[in-house]
Amino acid sequence: MLSLENKVAFISGAGSVGDDPDAKVWGNGKATAVLLARQGARIYGVDLRKEAADVTKALIEKEGGTCLTRGVDMTKANEVKAAVDDCVKQFGRIDILVNNVGGSAPGDAVAMSEEVWDRQIDHNLKTAFLSCKYVLPVMEKQGTGAIVNLASVAGLRMTPGRAHVAYSTTKLGILAFSKSTAISYAKKGIRCNTVIPGLMHTALVEHRLAKTIAANDLQGLIDKRNAQCPTGKMGDAWDIAHAVLFLASDEARYITAAEIVVDGGLTATTGLG
Ligand SMILES: NC(=O)c1ccc[n+]([C@@H]2O[C@H](COP(=O)([O-])OP(=O)(O)OC[C@H]3O[C@@H](n4cnc5c(N)ncnc54)[C@H](O)[C@@H]3O)[C@@H](O)[C@H]2O)c1
């Protein structure tokens, strides 16, 4: 079940914020890379910070898996193209593409500068566009391929008092990007789907959000996020990785232009009371 034997997976943002090799809390890309490798895939992990991807590589190799890494800024077309070409040169194919790079910046339309808006569009949308631009022809030649894009519940529901207008806009945009790509390539054996994470206990919470929105009160932030979830607990990067694995696997062969919401029921709530 869910074997990825003989498959090659290109994963963007395969590292995680905070490069502690012994870290217990991981980012979504790192957990996805390790899980896909456990299922037999050879991993080509790219990250803006190669050292972060190399932490993932070491974990995979310790378990007997195969992982190559490369420092790539996924917002730069020439770097993305060079990485895709190198992946094909090293492994001969690309069966799975996981577009995991993304992140939020605070602010509404008035508070946010034009520069931050543009950077958010590049970070959350252009990264997926560029990898698809160069990977789709490879998959088309193979006659097979599975793409999984990462969105966010921030594109589906808004939190009063905490706007991140560009993040919400781009993450909703990812759903349309995935569907459009899925329909264009449906007859060519290529599937494209989206995973929509909710409030996850990832490295981002530990390393960034605790500082930016919780005045270094990490436990207070964890308690608050747990309380906001219908289950009383955030999910973690493994929950996202398992959804990616399913959508990337042959068992999901008839699933395309679809979304899996991994949020413990969060988006089904009214947010009231
Ligand atoms: N963490 C959450 O709670 C959460 C919730 C909803 C959605 N998401 C989505 O999940 C995805 C992963 O989030 P995360 O918090 O696990 O990731 P993260 O912040 O840990 O980042 C993963 C890696 O991406 C790399 N990266 C950043 N910019 C890059 C670029 N331009 N090119 C290449 N690599 C780059 C970073 O160096 C980092 O190692 C994102 O798309 C995010 O929007 C996360």
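Dipole orientation for the chain: of the candidates 190, 64, 241, 190 has the Cα lying most toward the positive pole (charges on Cβ; Lys, Arg +1; Asp, Glu -1).
Rounded to the nearest 20 debye, what is the charge dipole size of segment 1-150 about its Cα centre when +1 sits on each Lys and Arg Cβ and -1 on each Asp and Glu Cβ? Display every interim value, and only then the final one.
Values: 18 positive and 20 negative charges, 114 e Å.
For this selection, approximately 540 debye.
The angle between the Cα long axis of helix 50-62 and the main principal axis of the chain comes to about 70°, on a 0 to 90 degree scale.
List the relative contact order of the chain as a percent without decimals, with contacts defined as Cα pairs under 8 Å and 6+ residues apart.
Values: 547 pairs, mean separation 56.0, N = 273.
RCO, the chain: 21 percent.
Taking all protein chains in place and a 1.4 Å probe, what share, in percent, of the accessible surface of the chain do carbon and sulfur account for?
Working: 6910 of 12820 Å².
Ligands and nucleic acids excluded, carbon and sulfur give 54 percent.
Listed here are the pairs 62/133; 50/133; 7/233; which of them are more than 24 Å apart at the Cα? Cα-Cα > 24 Å for 62/133; 7/233; rest within.
The residues of the chain expose, per residue, 47 Å² of accessible area to a 1.4 Å probe.
Taken over segment 1-158, the percentage of Cα pairs per 5 Å bin, counting from 0 up to the bin with the maximum distance, is 2, 9, 18, 22, 19, 14, 9, 4, 2, 1, 0.
Take the Cα of residue 144, go 7 Å toward its beta carbon, and the backbone nitrogen atoms of segment 184-203 under 15 Å from that spot belong to 188-191. Quick check: from the Cα gyration tensor, does segment 1-77 come out rounded (a/c under 1.5), prolate or oblate? Taking the square roots of the gyration eigenvalues as a ≥ b ≥ c, segment 1-77 is oblate.
The alpha carbons of the chain occupy a box of 51, 40, 37 Å along the principal axes, longest dimension given first. Using the rule -39500 (n - 2.57) for each DSSP H run of four or more residues, divided by the residues of the chain, the 222 nm mean residue ellipticity is -12500 deg cm²/dmol. Charge dipole of the chain (Cα centre as origin; +1 on each Lys and Arg Cβ, -1 on each Asp and Glu Cβ, all else neutral): 600 debye, rounded to the nearest 20.
Think of segment 8-100 as having a plus end and a minus end, set by charges on the Cβ of Lys, Arg, Asp and Glu; of 52, 82, 39, 39 sits farthest toward the positive end of this dipole.
Relative to the present Cα-Cα distance, how much length would full extension add between residue 226 and residue 50 at 0.36 nm per residue of separation?
Values: separation 176, 0.36 × 176 = 63.36 nm, distance 3.19 nm.
Working it through step by step, the gained length comes to 60.2 nm.
The values are calculated or read from the model by the stated rules, or taken from the named source; none is laboratory data. The model shown is predicted, which means the values in this text are computed figures rather than measured ones. Every residue, glycine as well, gets a Cβ built from its backbone with ideal geometry; the counts of neighbours run over all protein chains shown. We work out accessible area using only protein heavy atoms, side chains counted, and drop any ligands, DNA or RNA first. Shrake-Rupley method; radii C 1.70, N 1.55, O 1.52, S 1.80 Å.
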